1. Restricting the search to the stretch 93-124, which residues are among the charged types (D, E, K, R) and farther than 27 Å from F143 by Cβ?
2. Name the residues in the stretch 1-43 that are under 12 Å from the mean Cα position of the chain (by Cα) and under 12 Å from M136 (Cα atoms), would you?
3. Based on what the data block shows, is E79 closer than 30 Å to A18 by Cα and among the acidic types (D, E)?
4. Which pairs turn up if I take residues in the stretch 1-18 that are without any contact (Cβ under 8 Å) to a residue 24 or more places away in the chain and crowded, with 19+ Cβ neighbours inside 10 Å and look for partners that are part of a helix (DSSP H, G or I) and aliphatic (A, V, I, L, M) with beta carbon separation below 9 Å, at least 6 apart in sequence or on another chain?
5. Does the stretch 26-35 include one or more residues that are touching a strand residue (DSSP E or B) at 6+ places or on another chain (Cβ under 7 Å) and either free of Cβ contacts under 8 Å to residues at least 24 places away in the same chain or not aliphatic (A, V, I, L, M) (or both)?
Amino acid sequence: MKHGASRILFEYWDEIRAARPAPERGDIQPSAIKSVLGDTFILELTHQNSFRFRLAGTRLCSLFCRELKGRSFLDGWDEKDQQAVTAMLSAITQDGAAAVISFNGTTELGQSVDLELLLLPIRVQGEGCTRILGCMAPLKRPFWLGVQAISKQKINSLRLIWPDEDAPLFSDDKDYVPHFGTPTHRTVGPMEPRVSRGTHQTPRAAAKTVSIPNSRQVGHLRVVDGGKI
């Protein structure tokens, strides 16, 4: 994770879930994450493989120059990436995984920006993990952001974080992107990398990756078998 908003939200989610795979919906207190509320959203599983924005922060809505409440989460992804995102959402709701996505957003005028997306499972009593808590934020803020709407999204890389992992892979300090307005005492130090049980990368990212044994292709996803390290 590179963005400060992602780090803050993950730390909070990890704290309130304690030893559980995911916290309950009632455990979330918006006042505890007020510095990142503008970048935060909640997705709702409406029916099989269909997720819509239930709530979305003001800074997030400004990226798309529209209110996101009620909009499908799959809007804006191309067909190939929709398959990857759908498989990822299934892993979150069915297996309690979390996910970090690096993606590029473009406008109708061809402007582009790199963003980070974090998705975390939330349990609803009697329903299971039918909610997803997440945040989305740009790694840099170009001058046109909030004026030109992001209309298309393309995945750069995707990582699933399984419940038996201790923590996500945080970037080195030199890559750290502070959240705008985030208190400095909330920064997180670097951690040693670990191999997760499931990863997805686009061909552009995969070209920079060393071949890993015991991997297999499942649809649009490259799955690496393994466990907690």
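1. D95, R123
2. M1, K2, H3, A5, S6, R7, L9, D39, T40, F41, I42
3. So E79 does not fit the description; no.
4. Close Cβ pairs (under 9 Å, with a partner that is part of a helix (DSSP H, G or I) and aliphatic (A, V, I, L, M)) amount to Y12/A32; Y12/I33; Y12/V36.
5. no
No value in this document is a laboratory result; all are computed from the given coordinates. These numbers were taken from a predicted model, which means no experiment stands behind them. No Cβ is skipped: glycine too gets one built from the backbone with ideal geometry, and neighbour counts run over all protein chains shown.
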